[in-house]
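Beneath this line is the structure, given in structure tokens, with notes to follow.
The values are calculated or read from the model by the stated rules, or taken from the named source; none is laboratory data. If you're wondering where the values come from, they're calculated on a predicted model, not measured in any experiment. Here Cβ is always computed from backbone atoms with ideal geometry, including for glycine, and neighbour counts include all displayed protein chains.
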Amino acid sequence: MNFSQGRRDFVKGSAIVAGANLLTDSSILRASTLSAPPARQIRVIVWDERQPQQKQVYENFLGNQIAEHLRTHPDLSVKSVALDDLDQGLSDESLGNTDVLIWWGHIRQAEVTPETGRRIVARILSGNLSLIALHSAHWSTPFVEAMNERTRQDAERAYRVPGEGKVEITYTPPKPRYQAPSYEARPTPFARVRKFPDGARKIEVRLPNCCFPAYRPDGKPSSVKVLKPDHPIARDVPSAFKVSRTEMYDEPFHVPEPDEVILEERWEPGEWFRSGMVWQLGKGRVFYFRPGHETFPVFKEPIPLRILTNAVRWLASPKSAEPTGPKGS
């Protein structure tokens, strides 16, 4: 959310160098190799509701399908958990041993409490965790809490300016909680500002709905364009590609303005969506990847899986400009 510019233009938005000296003595080379510490694997949790409908396409559930793919990469250590696991698979010990949390939720979003979402966000803020929210996880508790926190950060930066008088900021959640906005609704988050003669200001910030006005689960194909081909998430991804069967979501997506929009998705009737977005949240990051629906084989297609793998590697290394794995994987 860019409070200084408003939301009026959101629709427009859219090798390591080798050492110079070569060792020729094979014994020195062997000793050097043996003494080098092994690179630590990236620790990933794939969290999934595991609703029964998934088995129409994913015989062992959608989350397990993603986890099995990620396990083919030796630089990744992957754990698959579910809503019905002990502690919902989200104990402090588990989260403390995780670099990237991938989240699939849909029907049972409300069973994950805001307190759990805030625990996850606290780890993101500290730089100990990053989050990937997939498709219908736009309403998942961790993603909503992350977008709320980003909204608060944006508002604090925009309105608490030294020397500009007293400021009171209040935050109002959307009501009712799980209701899609209309096309005519003002995109959230937004702020209403009241100014007083003494220079004081009262700011009411409407928190993001984290939804959009239309969807269509008909399994029609979509066309995806890579807007940032040099981004690590887009590594080895074609500049344009098709998702063979997917659900349609249509803009405007009610979320804070992202720091980067990497992918844009369109459908033949004219709908479009910012389908790969990144937010910096404290020292961590959040990536929203839109293609999906539990009854379509999106995560059996190679390009979405490649994007997901790239995202895991990049999110695990926030200070790195490049993903850490081999090209083409």
Quick one: which residue in PRO181, PRO197 is closer than 25 Å to ARG118 by Cβ, not hydroxyl-bearing (Ser, Thr, Tyr) and not assigned by TED's automatic domain parsing to the domain that holds GLU111?
PRO181
Which number in (1) at negative phi; (2) in the same structural domain as GLN88 (by TED's automatic domain parsing); (3) outside any helix (DSSP H, G or I) marks the one condition that ALA191 misses?
(2)
Show the residue pairs meeting these rules: Cβ distance below 6 Å; 6+ apart or different chains; first residue within segment 48-76 and assigned by TED's automatic domain parsing to the domain that holds ALA133; second residue part of a helix (DSSP H, G or I) and among the β-branched types (Val, Ile, Thr).
none
Residues in segment 194-226 that are within 30 Å of VAL298 (Cα to Cα), aromatic (Phe, Trp, Tyr) and in a loop (DSSP other than H, G, I, E, B) total 1
The helices (runs of 4 or more DSSP H) lying entirely within segment 44-129 that contain at least 2 residues which are at pLDDT 95 or above and surrounded by fewer than 17 Cβ atoms within 10 Å (Cβ to Cβ) are 92-96, 114-125
Just to verify a result, which residue in segment 268-290, among those that are of a type outside the set (D, E, K, R) and assigned to a loop (DSSP other than H, G, I, E, B), is surrounded by the fewest Cβ atoms within 10 Å (Cβ to Cβ)?
GLY270
Of those in segment 150-175 that are out of contact with any strand residue (DSSP E or B) (no Cβ under 6 Å at 6 or more places or on another chain) and charged (D, E, K, R), the residue farthest from SER94 (Cα to Cα) is GLU164
Restricting to segment 228-267, give me the number of residues that are farther than 27 Å from ALA185 by Cβ and outside any strand (DSSP E or B).
14
Quick one: is PRO181 touching a His at 6+ places or on another chain (Cβ under 8 Å) and in a loop (DSSP other than H, G, I, E, B)?
yes
In segment 223-234, is there at least one residue being among the acidic types (Asp, Glu), on the phi > 0 side of the Ramachandran plot and modelled with pLDDT of 95 or more?
no
Considering every residue within segment 243-259, establish whether at least one is surrounded by fewer than 16 Cβ atoms within 10 Å (Cβ to Cβ) and β-branched (Val, Ile, Thr).
no
Looking at segment 226-241, is at least one residue basic (Lys, Arg), in contact with a Lys or Arg (Cβ under 9 Å, 6 or more places away or on another chain) and surrounded by 20 or more Cβ atoms within 10 Å (Cβ to Cβ)?
yes
